[in-house]
Amino acid sequence: MIRRRVRRLALLVARRLGWSRNPMCRVWDRVEGLLIVGVVVAALVAVPLAVSVGRTAYDTGIQNAAVQMASGHWGQARLLQTAPNSAVSDTPNVMTSLARARWETPAGTWRVGDVPVRAGTPQGSSVRVWMNASGQVTRPPLRPAQVSDRAVATGVTTLMAMELGVTLVYLLLRWLIDRRRLAAWEEEWARVAPRWTRKYH
């Protein structure tokens, strides 16, 4: 019973792809069948490729974070001004802004510049900042969860872009095939029409 159903499904798929012995199936019908198979294969191959891209992005992000962690350190900076408030003050998210601050570098010198702090932090507050090897305040290394989120976003974006590309290529080729199929029908009708005209006159 199952074998019969599988065989019937296989025949249905073959007929749909133009691979049957039906004389109504033309060359361009078979070409369209090959196109459909190619699109399905490309769509399936895009999944592991996108996963690979996401995995590579994750590994690269972890390596970069490790390098930053090894070459920098946390330090303290004192605000020289109150951090500006965010324009959207009623949001539940923690808003950050840039405020003028002064901090000591690993070499023992003092620097003044803008550091990222929570909006509204008052002047004179001591804030935690990340400094690189040269004593410049930079963004801290990404946490593993942040690296993972970015890698997932990269993989999903890659998959969507690849699937969109496959779809656009399919639509373009399908349009070309339809044009060729229509031209073939017109050529065949041009050969057959005179015979029918003579037959019924």
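What the table shows:
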{"item": "Segment R118-V41, length gained on full extension (0.36 nm per residue, minus Cα span)", "result": "22.8 nm"}
{"item": "Computed label-point distance, nm, for sites W110 and R181 using a 7 Å Cα→Cβ extension", "result": "7.9"}
{"item": "FRET efficiency for S148 and V169, using Cβ-Cβ distance with R0 set to 45 Å, rounded to 0.05", "result": "0.90"}
{"item": "Under Karplus coefficients 6.51, -1.76 and 1.60, residue-wise ³J(HN,Hα) of region 112-126 in Hz, glycine/proline x", "result": "10, x, 8, 10, x, 9, 5, 4, x, 4, x, 4, x, 6, 9"}
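Computed from the coordinates by the stated procedures, all read-outs in this text should not be read as laboratory data. What you see is a predicted model; the values in this text were computed from it and never measured. Counting neighbours? That spans all protein chains shown, and the Cβs are built from the backbone with ideal geometry, glycine included.
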